[in-house]
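Trainee: My questions will all concern the structure given below.
The values are calculated or read from the model by the stated rules, or taken from the named source; none is laboratory data. Just so we're clear, the structure is a prediction, and the values are computed from it rather than from any experiment. Don't worry about glycine lacking a Cβ; one is built from the backbone with ideal geometry, like all the others, and counts go over all protein chains shown.
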Amino acid sequence: MRKILFIAYHFPPAGGGGVQRSLKFVKYLPDFGYLPVVLTIEAPDDRRWTPKDQALMDEVPQQVKIHRVSIPDEVHVPGKLERAAREFLGMRSRFGKVWMERVIEAGSRIAAEEKPDLIFVTMSPFDGADAAAEISRRSGIPWVADLRDPWALDEFQLHRTRWHRELEKFQMAKALESAALVIMNTPESARRVKESLPRLKDRNVVSLTNGYDASDFAGEVEPIGGGKFNIVHSGYFHAESGLVEQAKQRQYRLLGRTVPGVERLPRSHYFLLKALEEWLAESPGIIDTVRVHCVGVLSAADQRLIDQSPAKPLFSCSGYLNHAECLRYVRGADLLFLPMHKMPPGMKAGLVPGKTYEYMAAGRPVLATLPESDARDFLGKAGTGVFAAPGDVAGMLAALKQQYSSWQAGQSACHWNADYVRQFERRNLTQDLARFLDPIR
């Protein structure tokens, strides 16, 4: 069995969507000849993006060693002025610098003691790339970069100016150029790397998507019930950043803070609320038969939109639930909700929200307000997508009514292609990962 130093900031007992990729790779890699030695952060407290989910630790194989480094709380949450100054000057965040230093120190020690065959770093934080490259330089062990997000090629990412976006592209290419393998998590993001970063033209760049774990979907699940048409959204909304962008459109456009034509607000419940308000005005009786379940941590702005809406009585917001309980809602939904941002014409989104794969595995219809994207392609082939354009209130309302009518009639509202979806099963994806790693010596 080959040994692999597996560097991941997001790892149990932290919960949330960012943890799943790391956890499932570690869970299944031993089945394909790789024994991970994990290097991660000390168990985090319950921040918005790193809630605790202790149950996930049960999935880590007993033979896997876990090494943890600590980062002071004040480093995690810098002051606004410090953050702005560092971003403006193109410097690392203080958190990124400390994370990199701690990883280099601990990782170099672990590499000397464990003598792994490979170094694997999954990002973000993207400072992990420089850390892995330095451990590789010191030890002579090849390293692999796994990007859960497209880094500088992420059209949803906010930059200080367009110059800062170009600077980050340069930094990304420089950081990845010594990697033996670069793994992107969508086909579109892998294509962008090859097209946009000539410095990496000779690197081995592949796509390996996120997915779902079949064991999480075993057995029957009780419907959410209550005699209601249950709409479920799991995970995070991005209303706050979208509202700020909407209020500062001219500034953002002038400075090039976002990619021209990208609108962030549709990646939230903002337009769903508008559609529900119209539906409620037309059919007041749905107040007794429709429920929208928000399963996940809401920001103050997310909650305020609901509180100020006439559709508030339709909503049930649970806060963070552990992964198993979250999937109970996903599997028991009558309709799932998947919003994404708006893209300029002719440009394909480089992101696929992690929840997409578990939505597909649930076999439930998905109200998907998506631009052209891999996510839209996947849901279309899975047979579960009910599509509207991002921010298209009329299209969303029509889809809601159509799905509600099917539910009332007791009819199947989608044609699930389980055979197509099976390619996204985590064990199958980990087998693909092992095949990518096998030639690296």
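Trainee: Considering only the range 170-238, give the strands (runs of 3 or more DSSP E) lying wholly within it that have at least 1 residues that are over 24 Å from the mean Cα position of the chain (by Cα) and touching a residue at least 24 places away in the same chain (Cβ under 8 Å). Before you say what the answer is, go through the steps one by one.
Mentor: Values: elements: 181-184, 205-207, 229-234.
Because the criterion is at least 1 residues that are over 24 Å from the mean Cα position of the chain (by Cα) and touching a residue at least 24 places away in the same chain (Cβ under 8 Å), the strands (runs of 3 or more DSSP E) in the range 170-238 that meet it are 229-234.
Trainee: Okay, next question. Can you find a residue that is in contact with a helix residue (DSSP H, G or I) (Cβ under 7 Å, 6 or more places away or on another chain), assigned to a loop (DSSP other than H, G, I, E, B) and farther than 23 Å from Pro439 by Cβ anywhere in the range 112-125?
Mentor: Yes, some residue in the range 112-125 is in contact with a helix residue (DSSP H, G or I) (Cβ under 7 Å, 6 or more places away or on another chain), assigned to a loop (DSSP other than H, G, I, E, B) and farther than 23 Å from Pro439 by Cβ.
Trainee: Take the range 132-156 and flag every residue that is assigned to a helix (DSSP H, G or I) and either in contact with a Cys (Cβ under 9 Å, 6 or more places away or on another chain) or under 26 Å from Arg109 (Cα atoms) (or both). Break it down into steps so the answer makes sense when it comes.
Mentor: Let us first name the residues in the range 132-156 that are assigned to a helix (DSSP H, G or I), namely 132-139, 151-153.
Answer for the range 132-156, where residues must be assigned to a helix (DSSP H, G or I) and either in contact with a Cys (Cβ under 9 Å, 6 or more places away or on another chain) or under 26 Å from Arg109 (Cα atoms) (or both): Ala132, Ala133, Glu134, Ile135, Ser136, Arg137, Arg138, Ser139.
Trainee: Need at least 2 residues that are under 30 Å from Ser207 (Cβ atoms) per element, so show me which strands (runs of 3 or more DSSP E) inside the range 285-358 make the cut, counting only ones lying wholly within it. Spell out the reasoning first.
Mentor: Numbers: elements: 290-295, 315-319, 335-339.
Correct list: 335-339.
Trainee: Counting only residues that are of a type in the set (Ser, Thr, Tyr) and within 24 Å of the chain's Cα centre (by Cα), which one in the range 296-319 is modelled with the highest pLDDT? First the steps, then the outcome.
Mentor: Narrowing the range 296-319 to residues of a type in the set (Ser, Thr, Tyr): 299, 309, 316, 318.
Next, from what is left, pick out any that are within 24 Å of the chain's Cα centre (by Cα): 299, 316, 318.
On the way: Ser299: 91, Ser316: 94, Ser318: 88.
Going through the qualifying residues, I end up with Ser316.
Trainee: So which residues in the range 349-402 are buried (at least 18 other Cβ atoms within 10 Å of the Cβ) and over 26 Å from Val290 (Cβ atoms), if there are any at all?
Mentor: Selection gives Ala349, Gly350, Leu351, Val352, Gly354, Tyr357, Pro371, Ser373, Asp374, Phe378.
Trainee: Would it be correct to say that Gly242 is outside any helix (DSSP H, G or I), closer than 28 Å to His323 by Cβ and in the same structural domain as Gln403 (by TED's automatic domain parsing)? Quick ask: steps written out before the conclusion?
Mentor: On the way: outside any helix (DSSP H, G or I): no; closer than 28 Å to His323 by Cβ: yes; in the same structural domain as Gln403 (by TED's automatic domain parsing): yes.
No.
Trainee: Among the numbered criteria (1) closer than 19 Å to Gly261 by Cα; (2) touching a residue at least 12 places away in the same chain (Cβ under 8 Å); (3) of a type in the set (Gly, Ala, Ser), which single criterion is violated by Gly346?
Mentor: Failed condition: (2).
Trainee: If you check Gln251 against the conditions, is it at pLDDT 90 or above, assigned to a helix (DSSP H, G or I) and touching a Leu at 6+ places or on another chain (Cβ under 7 Å)?
Mentor: Values: at pLDDT 90 or above: yes; assigned to a helix (DSSP H, G or I): yes; touching a Leu at 6+ places or on another chain (Cβ under 7 Å): no.
When the stated conditions are applied, Gln251 does not pass them.
Trainee: While we're looking at this one, here's another question. Go through (1) modelled with pLDDT under 95; (2) of a type in the set (A, V, I, L, M); (3) part of a helix (DSSP H, G or I); (4) surrounded by 15 or more Cβ atoms within 10 Å (Cβ to Cβ) for Leu29 and report which single condition fails.
Mentor: In the conditions (1) modelled with pLDDT under 95; (2) of a type in the set (A, V, I, L, M); (3) part of a helix (DSSP H, G or I); (4) surrounded by 15 or more Cβ atoms within 10 Å (Cβ to Cβ), Leu29 misses (1) alone.
Trainee: Spot the failing condition for Leu335; the list is (1) within 25 Å of Asp154 (Cβ to Cβ); (2) surrounded by 22 or more Cβ atoms within 10 Å (Cβ to Cβ); (3) touching a Pro at 6+ places or on another chain (Cβ under 8 Å), and only one is missed.
Mentor: Here Leu335 meets the rest and fails (1).
Trainee: I would also like to ask the following. Does Arg435 satisfy the criteria of being basic (Lys, Arg), part of a helix (DSSP H, G or I) and more than 17 Å from Tyr212 (Cα to Cα)?
Mentor: Yes; evaluated as a whole, the condition is true for this residue.
Trainee: Give the residues of the range 198-256 that are farther than 24 Å from Arg426 by Cβ and in contact with a Pro (Cβ under 9 Å, 6 or more places away or on another chain), sorted by residue number.
Mentor: Asn230, Phe237, His238, Gly242, Arg253
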